[in-house]
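The values are calculated or read from the model by the stated rules, or taken from the named source; none is laboratory data. All values derive from a computational prediction rather than experimental measurement. Cβ: placed from backbone, ideal geometry, glycine included. Neighbour counts: every protein chain shown. Note: areas computed on protein heavy atoms with side chains; ligands, DNA, RNA excluded. Shrake-Rupley method; radii C 1.70, N 1.55, O 1.52, S 1.80 Å.
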Amino acid sequence: MSYTMRRQGYALAAVETWIFDLDNTLYPASCRLFDQVQARMNEYIRTRFSLSPEEATARRRKYFLEHGTTMNGLMTVDRVDPVEFMAYVHDIDLSVVPANPPLAAALTALKGRKIIYTNGSVPHAENLLRHLGIHEHFEDIFDIVASAYAPKPAMEPFRRFVERYGIKPERALMIEDMAKNLAPAAELGMTTAWVRTDVDWAAIASESDYIHYVVEDLAGFLGDAAGLRREVPK
């Protein structure tokens, strides 16, 4: 089974807008692309502040836990330029990300608007989407810059996101690998789908009532949803 429905009354057939996280959601966490990002973060912090590798790793983790993202901590505490930081940490090798023809096919069949909402940057998202061959399916990318550098799960950027794209929350579904990031979406009235990975910190709050679907296979989940949409009467 590609997914499990935890909460009753949230029909995939009613979804008009599909909102996707990017990293570890549209590609498998098992390819460890984010390990490269973390290594680049460590290197940036080590070089910028003349720290040992161990000290740099500790600071990255501390900022992530206390500020939502490492970048937010660096901006808040150390006044780091976010554009410079993102350009550095997203200079990574995408060849480890495998092609996913079933995902591309499911996105093709899936009706409705599709938008990326990411704590990363637009250039990073565009590079990944093109690498995966699925960039043409997405209407737009709402990134950390559009969020005024307030990372998920901050509520105000979610409200701004909904307003910018004229989204009806009750007809929208958000898909995300970090369970806690789905809380604002659910509060606004969206259906939520948590993509289960083997990353421990991504599972924080995954037993919460605001998780409606638990997804094991994103392509299968979207493929099933596309079939449901085709069955909706005109």
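Summing Lys and Arg as +1 and Asp and Glu as -1 over all other residues whose Cβ lies under 13 Å from the Cβ of A203 gives a net charge of -3. Each Lys or Arg adds one and each Asp or Glu subtracts one; over the other residues with Cβ under 13 Å from the Cβ of H67, this totals +3. For T108, the solvent-accessible surface with a 1.4 Å probe is about 90 Å², rounded to the nearest 10. Annotation: per residue accessible area for the chain equals 46 Å², rounded to a whole number [probe 1.4 Å, protein chains only].
The aspartates and glutamates within cross-link reach of K111, meaning a Cα-to-Cα straight distance under 15 Å and a gap of 8 or more places when in the same chain, are E16, E136, E139, D224, E231. Helix content alone sets the calculated 222 nm mean residue ellipticity of the chain: runs of n ≥ 4 DSSP H residues at -39500 (n - 2.57) each, divided across all residues, give -13000 deg cm²/dmol. In this structure, the amide hydrogen of V195, modeled 1.01 Å from its nitrogen in the peptide plane, lies closer than 5 angstrom to those of E176, D177, V215, counting only residues at least 5 positions away or on a different chain. The alpha-carbon of K152 sits under 19 angstrom from the alpha-carbons of these aspartates and glutamates, leaving out residues fewer than 8 places away in its chain: D21, D23, E66, D140, D143, E163, E176, D177, E187, D200, E207, D209.
With contacts taken as Cα pairs under 8 Å and at least 6 residues apart, the chain reaches a relative contact order of 30 percent.
When a 1.4 Å probe is rolled over the protein heavy atoms, the share of accessible surface on the chain that falls to carbon and sulfur comes to 51 percent. Over the stretch 42-164, Cα pairs under 8 Å with separation of 6+ residues give a relative contact order of 19 percent.
A straight line joining the Cα centroids of the stretch 101-118 and the stretch 122-178 runs 13 Å. Excluding the sites themselves, what is the longest stretch of the chain that contains no GluC sites (Glu not before Pro) in a DSSP loop with at most 16 other C-beta atoms within 10 Å? Value returned for the longest uninterrupted segment is 17-138.
The residues packed around F20, meaning those with a beta-carbon under 13 Å from its beta-carbon, carry a net charge of -4 if Lys and Arg are +1 and Asp and Glu are -1.
Determine the equivalent ellipsoid of the stretch 108-234 by diagonalising the alpha-carbon gyration tensor, then write out the semi-axes as square roots of 5 times the eigenvalues, largest first, rounded to whole Å. Let's see the in-between values first.
Working: eigenvalues 86, 70, 55 Å².
For the stretch 108-234, the ellipsoid semi-axes come out as 21, 19, 17 Å.
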